[in-house]
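Written out below as structure tokens is the structure these notes cover.
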Amino acid sequence: MGVCGVEIFSTFHEMMNAFNRRIIGVLAMAWIVALPAAAQQNRGELRIDVRDPQGAALVAQGELVSVGNQFQLNFQVGEDGRYVAQGLAFGVYRVSFTRGGFVPSAQLVEIRSMVPQQLSVTLGLTPIETRVEVDDAGTFVDPSRTGTVYTIGSQSVSEQSSPQPGRGILSMVDAQPGWLYEANGVLHPRGSEYDVQFVVDGLPLTENRSPAFAPPFESGDVESMRVMTADFPAEYGRKLGGVVEITSPKNAPVGLHGEFDAEGGSFSSGSAHAALFYSNGANRFSVSGDGFHTDRYLDPPVLSNYTNRGNAGGFSASYERDFSKSDRLFLSVTQHAVRYLAPNELVQQQAGQHEDAAQRETSGQARYTHTFSPDLLLSVAGSVRDSTALLSSNALSTPIVVTQDRGYREGYVRADLAGHHGRHDWKVGVDGIFSPVHEMLQYRITDPTQFDPGTPLTLPVPFSDRRWDMEPSAYVQDQIRLGRWNVSAGLRFDHYGFVANESAWSPRIGISRFIPSLNLLVHGSYDRVFQTPAIENLLLASSPQLDSVSTLVLRIPVRPGRANYYEVGFTKSLAGKLRVDGNIFRRDFHNFPDDDTLLDTGISFPIAFSTATIIGEEIQIGVPHWGRFSGFASYSNQTGVGQGPITGGLFLGDQVSNVPDASRFPISQDQRNSVRGRVRFQAMERLWFATSAEYGSGLPVDLAGPTDTSFLLTQYGAAILDKVNFAAGRVRPNFSIDAAAGATFYHQEGKDVSMQLEANNLTNRVNVLNFASLFSGTAVAPPRSVSARLKVAF
């Protein structure tokens, strides 16, 4: 490049930096004006008004159903003839009304926006014979959707059980096409590492939510979920491997209602959850509490389940008030904590090691909405979340004793304006994360033979650092309906300021065509994503304070990842009984995220590779109900290949020589084939049976250097080594079959008493999740187990 070219490039670069700084300044001013700000909420509500032919308010029984969204709500219209159904996922619904002496009414409605939708219904008197028949088949396929969304309804949530407490929600997400578990409940959507975003009642959680990193979700606090892996609206950012929207129970009947469930099973596991709901006019309250104990919290590295106890507990409370038809305030507070012992390897158990870990999380959220008109809604909210993680080893730990204290206090703010005009459902907004982060670490080596020569036996000065994480963003999104064509277009701006400072624009577009004669929706999408590095131990990996750990240290700043996602697919309804979703996808990454561990402490931190490409296909056949049967079957095929050199992270001693390696390798989540299925049979009105199965072809094995089989045999045992194909470099396929049954003993006027029994891994197969992985270690899935749950609702 000549001198002139260099000057032009330099000038352009300065202009872009100045432009980005101006954008950030404008966003900052917008937050000051808009505080509090609104949480992400891709859900709407339906405001119903029922009248008789003379226009008088009418009390009636109502039902709202969306087969595609696995949603069913039975409700009663009040004496004022009104009812408001909240938290409705976008899609098509059948709404029907009945009242003695009046002709039943049914029709289809579409929820497309946060803006509340009005529905006025007049019930005719019985002598009127004209009636339009509307069934649930019209809700199978959403004709306006531009991508695939997998929905998990309230029935699936209520019937979900897991052999390890705290993993019920994660297991339901893992059952969706394109997702898989790695060690200790870490979810990987379409090969992405640590890039899962949970959105709980509009509050985004972008940190690692696996059991080893955060308190678990309690299934009793979840009503439904929506799972996305492509065609992301522009309001979603930061972590976009996959997005899981979680909605807590809503639409409680008037008065006081509650529920309680208790569960016990193998591994000395026991759990309990209780909740109370009160609704009276404009006010709605809820409070819940939960807790569990288990002797198998994480996935152990050997067949023996050493030192693997876990205990958790928490509560949540919320208050919602309608000040008028146009103004609503929502407040919530939650606190959850978990304490556990990390499972030992054989040598550590013989030495008497105990490694205690604890996580605690407290959060508060406020959200206010104002409806300016039937076509315009403002939503503003804010939240504060305090998270702490502790780790400590006893003096007998080997090969290292470690103490850690890390955490952050996250402030999140957001403002959204949503509207409807003609063919457009649009939304614009700004949001930001502002978090002071702190980390502290100290270690002492007890077995120097396990480390490079010259590694200090302890840190001369305990590591300690604090820094602010600031991540502002803005977006605009529009959903356009053009006859049978649909277009979803969005643009997002992000700035990341933590250990690195970068900004990016991310365009998103989805297009679909609905063919009514075939009841077929064909769609395609492109997502440009800007993914921020994992926050866990990022200060540790970025600080020069660790230079004394090794005579050879290389530190490369971990920059945000950038990727292009492509997807084409279809959704089709067959005979009004089956729904088939199929997709082909490709993901191209730059600065592909992964993780590494510090020495042998088990403390992980983010790293990045130059590039990665993930391609695959997936298909799911869902049967919402066919006579007494329901269920699904899915298949995913996926190939993930990464390529060096390593572009971010902390590397010590011999690791430094691997940094410039530019070779290609299978990513650690590269499971080629995954098959899942579940069949449920409603034997009687109050009795059901179900069976499910899961198959995975196995993850890669990456052993550094020559394989020392005798050493591995001593360390892990023959049963685990038999599950590894060293020639192919992969863990052998895993397979599990489960069975469940449930019965309702009492059901009358909103009161229920029911019980559920479940058996997991009926064949008692040894399933190895990871083996001696460079980044994930070794982990074994649970053996055969049983559990029983009692539920009471009133």
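All conditions but one from (1) touching a Ser or Thr at 6+ places or on another chain (Cβ under 8 Å); (2) closer than 30 Å to Arg481 by Cα; (3) of a type in the set (Val, Ile, Thr) apply to Val84; the one that does not is (1). Scanning segment 763-787 for residues being surrounded by fewer than 22 Cβ atoms within 10 Å (Cβ to Cβ) and modelled with pLDDT under 85 gives a total of 5. If you take the residues in segment 475-523 that are farther than 18 Å from Tyr566 by Cβ and β-branched (Val, Ile, Thr), which one is farthest from the chain's Cα centre (by Cα)? Among residues in segment 475-523 that are farther than 18 Å from Tyr566 by Cβ and β-branched (Val, Ile, Thr), the one farthest from the chain's Cα centre (by Cα) is Ile515. Which of the residues belonging to segment 288-326 are at pLDDT below 95, charged (D, E, K, R) and not in a strand (DSSP E or B)? Selection gives Asp299, Lys325. Looking at Thr778, Thr763, just one residue is β-branched (Val, Ile, Thr) and touching a residue at least 40 places away in the same chain (Cβ under 8 Å), and that residue is Thr778. What number goes with the only condition from (1) out of contact with any Asp or Glu (no Cβ under 9 Å at 6 or more places or on another chain); (2) touching a residue at least 12 places away in the same chain (Cβ under 8 Å); (3) open to solvent by 50 Å² or more (accessible area, probe 1.4 Å); (4) closer than 21 Å to Arg296 by Cβ that Arg339 does not pass? Answer for Arg339: the failing condition is (1).
I'm checking my understanding of the structure. Among residues of segment 349-367 that are among the polar types (S, T, N, Q) and assigned to a strand (DSSP E or B), which one is farthest from Tyr297 (Cα to Cα)? Give the derivation first.
Our first condition is that a residue be among the polar types (S, T, N, Q); within segment 349-367, this holds for 349-350, 353, 359, 362-363, 365.
Still in the list and also assigned to a strand (DSSP E or B): 359, 362-363, 365.
Values: Gln359: 14, Thr362: 22, Ser363: 24, Gln365: 29 Å.
Top of the filtered list is Gln365.
Run down Ala693, Ala741 and say which single residue is in contact (Cβ under 8 Å) with a residue 12 or more places away in the chain, open to solvent by less than 80 Å² (accessible area, probe 1.4 Å), within 32 Å of the chain's Cα centre (by Cα) and within 20 Å of Glu263 (Cβ to Cβ).
On the way: Ala693 fails: within 20 Å of Glu263 (Cβ to Cβ).
Of the residues listed, the single one that is in contact (Cβ under 8 Å) with a residue 12 or more places away in the chain, open to solvent by less than 80 Å² (accessible area, probe 1.4 Å), within 32 Å of the chain's Cα centre (by Cα) and within 20 Å of Glu263 (Cβ to Cβ) is Ala741.
You will find that of Gln638, Gln671, the residue that is buried (at least 18 other Cβ atoms within 10 Å of the Cβ), within 24 Å of the chain's Cα centre (by Cα) and part of a strand (DSSP E or B) is Gln638 and no other. For segment 444-488, the tally of residues that are assigned to a strand (DSSP E or B), in contact with a helix residue (DSSP H, G or I) (Cβ under 7 Å, 6 or more places away or on another chain) and open to solvent by less than 70 Å² (accessible area, probe 1.4 Å) stands at 4.
Any residue in segment 373-383 that is among the aliphatic types (A, V, I, L, M), touching a residue at least 12 places away in the same chain (Cβ under 8 Å), in contact with a Gly (Cβ under 8 Å, 6 or more places away or on another chain) and over 30 Å from Gly419 (Cβ atoms)? Steps first, answer last, please.
Start the filter on segment 373-383 by keeping residues that are among the aliphatic types (A, V, I, L, M), which leaves 376-378, 380-381.
This time we only want the ones that are touching a residue at least 12 places away in the same chain (Cβ under 8 Å), so: 376-378, 380-381.
Now narrow it down to the ones that are in contact with a Gly (Cβ under 8 Å, 6 or more places away or on another chain): 376-377, 381.
Checking which are over 30 Å from Gly419 (Cβ atoms) leaves us with none.
Scanning segment 373-383, I find no residue that is among the aliphatic types (A, V, I, L, M), touching a residue at least 12 places away in the same chain (Cβ under 8 Å), in contact with a Gly (Cβ under 8 Å, 6 or more places away or on another chain) and over 30 Å from Gly419 (Cβ atoms), so the answer is no.
Residue count for segment 299-314 satisfying the condition of being surrounded by fewer than 17 Cβ atoms within 10 Å (Cβ to Cβ) and within 20 Å of Ser219 (Cβ to Cβ): 1. Taking segment 44-84 as the range and being in a strand (DSSP E or B) and farther than 28 Å from Glu245 by Cβ as the test, the residues that pass are Asp49, Val50, Arg51, Ala57, Gln61.
Every residue, every condition in (1) over 21 Å from Asp654 (Cα atoms); (2) open to solvent by 60 Å² or more (accessible area, probe 1.4 Å), yes or no:
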residue	(1), (2)
Phe493	yes, no
Trp505	yes, yes
Ile509	yes, yes
Ser517	yes, yes
Leu520	yes, no
Ser542	no, no
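Summed over segment 260-281, the residues that are open to solvent by 30 Å² or more (accessible area, probe 1.4 Å) and either in a loop (DSSP other than H, G, I, E, B) or touching a helix residue (DSSP H, G or I) at 6+ places or on another chain (Cβ under 7 Å) (or both) give a count of 4. Residue by residue through segment 392-433, note down the ones that are of a type in the set (S, T, N, Q) and either open to solvent by 20 Å² or more (accessible area, probe 1.4 Å) or assigned to a strand (DSSP E or B) (or both). Passing the criteria: Ser392, Ser393, Asn394, Thr398, Thr403, Gln404. Under the condition of being farther than 30 Å from Gln531 by Cα and assigned to a strand (DSSP E or B), the residues counted in segment 246-259 number 5. Tally up the residues in segment 98-123 that are within 35 Å of the chain's Cα centre (by Cα) and either open to solvent by less than 50 Å² (accessible area, probe 1.4 Å) or farther than 25 Å from Tyr150 by Cα (or both), please. Here the count works out to 10. Within segment 744-760, the set of residues being free of Cβ contacts under 8 Å to residues at least 60 places away in the same chain and open to solvent by 70 Å² or more (accessible area, probe 1.4 Å) comprises Phe745, Tyr746, Gln748, Glu749, Lys751, Met755, Leu757. Would you pick out the residues in segment 491-511 that are in contact (Cβ under 8 Å) with a residue 12 or more places away in the chain, in a strand (DSSP E or B) and not small (Gly, Ala, Ser)? Across segment 491-511, the qualifying residues are Leu491, Arg492, Phe493, Asp494, His495, Tyr496, Glu502, Trp505, Pro507, Arg508, Ile509, Ile511. Residues in segment 248-273 that are hydrophobic (A, V, I, L, M, F, W, C) and within 23 Å of Arg309 (Cβ to Cβ): 3 in all.
Only residues that are in a loop (DSSP other than H, G, I, E, B), within 30 Å of Leu256 (Cα to Cα) and charged (D, E, K, R): list them for segment 744-767, please. Don't jump to the end; show me each part of the working.
At the first step, the residues of segment 744-767 found to be in a loop (DSSP other than H, G, I, E, B) are 749-750, 761-767.
Filter again for within 30 Å of Leu256 (Cα to Cα), leaving 749-750.
If the condition is that a residue be in a loop (DSSP other than H, G, I, E, B), within 30 Å of Leu256 (Cα to Cα) and charged (D, E, K, R), then Glu749 is the only one that fits.
Which one is nearest to Gly622 (Cα to Cα) among residues in segment 701-728 that are touching a residue at least 60 places away in the same chain (Cβ under 8 Å) and not in a helix (DSSP H, G or I)? Among them, the one singled out is Val701.
The values are calculated or read from the model by the stated rules, or taken from the named source; none is laboratory data. Being a predicted model, the structure only gives us computed values, none of them experimental. Cβ coordinates were reconstructed from backbone atoms using ideal geometry, including for glycine residues, and neighbour counts include every protein chain displayed. These area figures cover heavy atoms from the full protein model, side chains too; ligands, DNA and RNA do not enter into them. Shrake-Rupley method; radii C 1.70, N 1.55, O 1.52, S 1.80 Å.
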